[in-house]
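What follows is a single structure, written as structure tokens, with notes after it.
The values are calculated or read from the model by the stated rules, or taken from the named source; none is laboratory data. The structure presented is a predicted model; accordingly, all values stated were derived computationally and were not measured. Reconstructed Cβ throughout: ideal geometry from the backbone, glycine too, with neighbour counts over all protein chains shown.
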Amino acid sequence: MKILSLSRDGRKEILRSLARPVADLSAEREKVADIIDVVRMEGDAALKRFTTAFDGINLDSIRVPVAEIRRAGSSLRKEIRRAMRDAERNIRKFQRWTMECEDGCCVVRKGVYCWQIRRPLDAVGLYVPAGSAPLVSTVLMLAIPAKLAGVKRIAVCSPPGKDGKIARATLAACDRLGITELYGIGGAQAIAALAYGTETIAKVEKIAGPGNVYVTVAKALVAADPQGAAIDMLAGPSELLVIADGFANPANVAADLLSQAEHDPQSQVVLVATSLRLIEEVKTALEAQKRSLPRLSIVERALERSVAVEVSTLSEAIMLSNTYAPEHLSLQVEDPAALLPLLTCAGSVFLGSYAPVTVGDYCSGTNHVLPTSGCARTQSGVSVSTFQKTIMVQSLTRDGLDLLKGTATTLARAEGLEAHARAVDIRFPPLP
């Protein structure tokens with residue numbers, strides 16, 4: 001074992017010793033990509049064939065029968081089942097506490113104390129798009145949470161205009177927020193620079209912000225590389241789903257749909273309404289309102305791909321929305337708050353006729369960097385926590401460890417990890 005001392009060996013030597021080995025995964029990446037393609041095309045047949053080839057097992061069924069799952073529990077030794085129940089109770093109690101409490105300490109058992117502490121990332125890179133429109137609001141949406149999180153270094157990249165300069169409003173927003181590290185580069189090259197560093201731009205730990213398809217692909221690649229950088233999410237074109245009933249104002253609904261359609265020709269706007277009449281009224285309002293829009297060509301291309309769906313009930317509408325998992329969800333119905341308990345998947349929700357998506361894009365306080373492409377099923381929008389990491393902490397008294405001793409050693413030995421078990425046992429030497 002190599003023993004180092006910070007005061008003696010210095011920070012560089014310690015970091016050098018701690019550096020992870022760099023592996024060439026190009027061959028594996030190619031093989032995995034081939035496997036994914038085959039599974040996407042052939043489904044279960046491919047899964048069974050690969051299981052035979054790689055694991056030497058011929059499967060009759062891919063899914064484990066429920067009866068087999070239920071039998072498994074009763075076949076375990078009693079002490080293992082008891083240990084699992086004990087561990088489950090403690091884990092469940094602490095995780096529930098993390099949802100309900102921001103501060104303080106969770107007393108899991110007498111003498112067993114768990115809590116969490118938050119620490120900011122050291123350096124983050126923020127990407128501010130400036131393609132067809134410089135998104136100054138994105139500076140605010142990204143930099144304010146990063147500042148509140150306590151990030152020490154914030155680097156901003158934004159594409160320059162034809163004059164070689166970043167949009168003035170973007171510069172002003174950076175200045176207002178005290179950001180001085182700003183680079184006039186965009187596209188995949190900006191993501192690469194932030195992730196790996198160049199002579200001018202120092203490497204960051206995490207990259208946040210939306211962008212075009214090249215930016216998105218670049219973010220995916222650097223996030224998959226251990227030498228790259230973490231990312232907030234893979235953001236695609238803007239999305240809006242509006243659920244409307246007979247109490248909705250067709251003009252308001254149309255205006256909201258147009259507000260997201262003007263982002264990008266690939267933007268997707270969806271209307272789910274409880275009557276065909278309302279759909280027709282919204283379509284009429286769309287035609288009337290779009291004519292005077294300066295970004296008409298973009299709007300029209302987006303509207304060519306737009307969808308309107310009639311449903312019989314609002315429950316059906318919510319079911320569709322949860323399946324679609326929209327970036328933005330507008331509930332323009334008689335009682336929008338009553339639908340909230342039914343919602344499971346959405347990036348940001350707007351309740352009622354007086355909550356246009358525009359306020360979320362700019363100034364209501366929520367963030368506009370949100371999960372798209374169905375990622376709202378599993379991901380959340382940018383927030384302070386995007387730029388922080390959570391560290392779990394536990395402290396035990398001797399009596400507290402004594403309470404967990406049997407659970408810990410039983411589970412460790414059930415997994416064949418004897419050293420784990422002995423690390424507990426050694427703290428309770430047998431009496432002479």
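The table below gives the values:
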| quantity | calculated |
| --- | --- |
| Exclusive hit being within 18 Å of Ala223 (Cβ to Cβ), assigned to a helix (DSSP H, G or I) and either touching a residue at least 12 places away in the same chain (Cβ under 8 Å) or not hydrophobic (A, V, I, L, M, F, W, C) (or both), set Ala173, Ala188 | Ala188 |
| Considering residues of region 336-388 that are of a type in the set (Val, Ile, Thr) and crowded, with 18+ Cβ neighbours inside 10 Å only, the residue farthest from Ser259 (Cα to Cα) | Thr386 |
| Enumeration of residues in region 169-200 that are under 22 Å from Thr386 (Cα atoms) and of a type in the set (A, V, I, L, M) | Ala173, Leu177, Ile179, Leu182, Ala188, Ala190, Ile191, Ala192, Ala193, Leu194, Ala195 |
| Failed item, numbered, when Ile80 is tested on (1) touching a Pro at 6+ places or on another chain (Cβ under 6 Å); (2) at pLDDT below 85 | (1) |
| Helices (runs of 4 or more DSSP H) wholly inside region 203-301 that include at least 1 residues being out of contact with any helix residue (DSSP H, G or I) (no Cβ under 8 Å at 6 or more places or on another chain) and without any contact (Cβ under 8 Å) to a residue 40 or more places away in the chain | 213-224, 276-290 |
| Matching residues, region 408-425, being among the hydrophobic types (A, V, I, L, M, F, W, C) and not in a helix (DSSP H, G or I) | Leu417 |
| Flag if Ser321 is surrounded by fewer than 21 Cβ atoms within 10 Å (Cβ to Cβ), assigned by TED's automatic domain parsing to the domain that holds Ala355 and at pLDDT below 95 | no |
| Looking only at region 23-61, and only at residues there that are surrounded by fewer than 11 Cβ atoms within 10 Å (Cβ to Cβ) and among the polar types (S, T, N, Q), the one that is modelled with the highest pLDDT | Asn58 |
| Positions within region 58-72 being aliphatic (A, V, I, L, M) and either assigned to a loop (DSSP other than H, G, I, E, B) or touching a Lys or Arg at 6+ places or on another chain (Cβ under 9 Å) (or both), in sequence order | Leu59, Ile62, Val64 |
| Filter result (polar (S, T, N, Q), surrounded by fewer than 17 Cβ atoms within 10 Å (Cβ to Cβ) and at pLDDT below 95) within region 258-291 | Gln266, Ser275 |
| Subset of region 195-240 [among the hydrophobic types (A, V, I, L, M, F, W, C) and more than 20 Å from the chain's Cα centre (by Cα)] | Ile201, Ala202 |
| Per-region count, region 114-169, residues among the charged types (D, E, K, R), within 20 Å of the chain's Cα centre (by Cα) and assigned to a loop (DSSP other than H, G, I, E, B) | 1 |
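For every residue, the table says whether it meets (1) assigned to a helix (DSSP H, G or I); (2) touching a helix residue (DSSP H, G or I) at 6+ places or on another chain (Cβ under 7 Å).
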| residue | (1), (2) |
| --- | --- |
| Ala308 | no, yes |
| Ala317 | yes, no |
| Leu331 | no, yes |
| Glu334 | no, no |
| Asp361 | yes, yes |
| Asn367 | no, yes |
| Ala376 | yes, no |
